Amino acid sequence: MQVDLTNSEVDEPVTLINAFTVPPGESELFLERWKDNARVMARQPGFLRARMYHSLTENAEIGFVNVAEWRSGRDFDAARANPEWRASIRRMIDDPGLHVTPRPVVYRVGLDVRPGDEL
C-alpha cells in the first residue's frame with residue numbers, strides 16, 4: 001500500500017480527501033487504526049477538522065471517505081513529517097488483518113457555493 005503525497009507548499013487552506021476501499025469484515029479494525037492516526041493528527045498545528053464518512057451501501061467499492069481540513073498546505077506538510085503520525089500510518093499499512101486501498105489527494109477550494117449565492 002503506497003501513501004505518498006507530494007508537498008502542498010501553499011499558505012492557503014487545504015483539504016485532504018482520502019477514499020478507502022476496505023474489504024468486508026475489516027471495517028471495525030480499519031476504523032480503530034484510523035482513530036489511532038486521527039488522534040495524532042488532531043494534535044498537530046494547523047489541524048482544523050476531520051470527518052470519516054462510511055458508505056450506507058454495504059458492498060460499495062469506496063466504503064470510507066476521510067475529509068480533513070487544514071489551515072494551510074504547509075501545516076499539513078509539517079504534520080505529515082511528524083514521526084508519531086508516520087508510525088501510526090505504518091501500523092495501519094503493516095497490519096496483517098487489513099487489506100485497505102487508500103486514495104489520498106490534497107485539494108484547495110476551487111468554488112464555494114452557499115444558499116442564495118449568484119453563480
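The longest stretch of the chain left intact once loop-based trypsin sites (Lys or Arg not before Pro) with at most 12 other Cβ atoms within 10 Å are removed from consideration, loops following DSSP, is 44-107.
Kirkwood hydrodynamic radius, computed over distinct alpha-carbon pairs, for the range 61-117: how many Å, to one decimal?
Details: mean 1/r = 0.0698 Å⁻¹.
In the range 61-117 this quantity evaluates to 14.3 Å.
Let me see the pair-distance distribution of the chain: every alpha carbon pair, 10 Å bin width, integer percents in order. In order of increasing distance, the bins hold 13, 43, 31, 12, 2, 0 percent. Computed in the context of the full set of protein chains, the accessible area of the chain at 1.4 Å probe radius has 51% of its extent on carbon or sulfur.
Taking every Cα-Cα distance in the range 1-60 and sorting them into 5 Å bins starting at zero, the pair-distance distribution P(r) comes out as 4, 12, 22, 25, 19, 11, 6, 2, 0 percent.
Membrane-span-like helices of the chain, defined as complete DSSP H segments with a Cα extent of 20 Å or more along the helix axis and a mean Kyte hydropathy of at least -1.0, are identified as 27-41. Solvent-accessible surface of protein heavy atoms, probed at 1.4 angstrom with all chains present, puts E118, E28 in the order E118, E28, largest first.
The values are calculated or read from the model by the stated rules, or taken from the named source; none is laboratory data. Source: prediction; values computed, not measured. When we count neighbours, we look across all protein chains shown, and the Cβ atoms used for this are built from the backbone with ideal geometry, even at glycine. Just the protein is used for accessible areas: all its heavy atoms, side chains included, with ligands, DNA and RNA removed. Shrake-Rupley method; radii C 1.70, N 1.55, O 1.52, S 1.80 Å.
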